[in-house]
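Values in this text are rule-based calculations from the coordinates and carry no lab data. Please read all numbers here as calculations on a predicted model, not as lab measurements. Cβ placement follows ideal geometry from the backbone for every residue including glycine, while neighbour counts extend to all protein chains displayed.
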Amino acid sequence: MDLNDFIPFKNQFDKAYHGITTNATHTSENPIFDELRVRRFGRPMSEVSELIVEKIERWIGWNLINKKTTVGGMTSIRAEVSSVILFGMKIKITFGLFEEMDAGGYPITTVNAKAETHIDARGDLGESRRAIRMMLGAMDFNFRTERVSEEDYQYRSMDVKGADASCQAIFDEVKLQHQTKPENINKATAIEFKKKPAVQAIQIRPTLKQPEPVQSPSDTNNILQSMTTENSLPIDKTAEETKPSKPKITIVTTKKNL
């Protein structure tokens with residue numbers, strides 16, 4: 001037993017830490033939390049898959065995307081879950097079912113699951129883990145008498161490291177969104193767009209008036225002398241004298257006594 005198990009509320013602190021640092025969750029043989037452990041039931045794969053599809057179609061906020069059989073005989077069931085805490089954001093959840101026969105000829109169905117939240121942040125507040133736990137809890141309740149423990153599976157299985165291990169490896173490779181990239185990966189070069197040369201605007205400046213030349217005192221004296229000479233010149237009256245005079249009319253009247 002680890003001494004850390006005696007810390008009060010350790011499990012709750014671990015869930016809160018992973019809720020703000022991870023946005024993808026998957027089941028495994030040695031998970032962080034026991035509720036994410038791989039499930040095995042002593043029931044045929046058809047019955048387990050029917051239960052999963054029935055729960056998806058009945059639960060509010062769950063939508064079935066598809067159900068298909070992949071290579072190797074594994075059945076894949078994909079669904080979409082709307083999160084209330086994340087304001088309706090979608091969670092992609094996938095269930096993988098694989099059936100094998102034990103040494104006595106009885107079926108054992110292994111159930112794996114993974115969930116990814118496409119959120120623009122490092123954590124999804126544990127919504128992907130809750131979605132997986134909700135479905136696995138429903139299967140534990142319905143097949144509570146048929147659940148196969150890990151020790152029992154090691155005893156009954158004929159090929160522990162066979163197809164079931166490869167199926168588990170597919171779900172272990174779930175990728176976290178917004179994870180840090182290795183340093184050796186070259187960054188994409190930014191595309192630069194050449195800008196067209198700006199058209200130079202021609203500024204129209206108003207014409208400045210030429211300053212009048214400053215006249216020197218000598219120039220002013222010359223101007224005054226020219227004006228006086230013009231005034232002193234006799235006025236030519238020949239034009240007025242040459243004009244024809246108007247004829248004088250004399251009216252002669254006779255004085256008569258009445």
- If you rank Ile56, Ile65 by fewest surrounding Cβ atoms within 10 Å, what's the result? Ile65, Ile56
- Item | At most 12 other Cβ within 10 Å, DSSP loop - chymotrypsin sites (Phe, Trp or Tyr not before Pro), segment 7-88 | Phe9, Phe87
- Task: Pick out, from Met89, Met134, Trp62, the residue whose Cα sits farthest towards the positive end of the charge dipole of segment 39-172, with +1 on the Cβ of Lys and Arg and -1 on the Cβ of Asp and Glu.
- Result: Met89
- Note on the structure: Computed D for segment 39-172, Stokes-Einstein, Kirkwood radius over alpha-carbon pairs, 37 °C, 0.692 mPa s, to the nearest µm² per second, is 210 µm²/s
- Query: Distance from the Cα centre of segment 11-67 to that of segment 102-151, in angstrom?
  - Reply: 4 Å
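Using only alpha carbon positions, build the gyration tensor of segment 62-130, then give the equivalent ellipsoid semi-axes as the square roots of 5 times its eigenvalues, largest first, whole angstrom.
Output for segment 62-130: semi-axes of 31, 12, 9 Å.
Just want to confirm a number: the relative contact order over segment 39-172, from Cα pairs under 8 angstrom separated by 6+ residues, in percent.
Across segment 39-172, relative contact order equals 26 percent.
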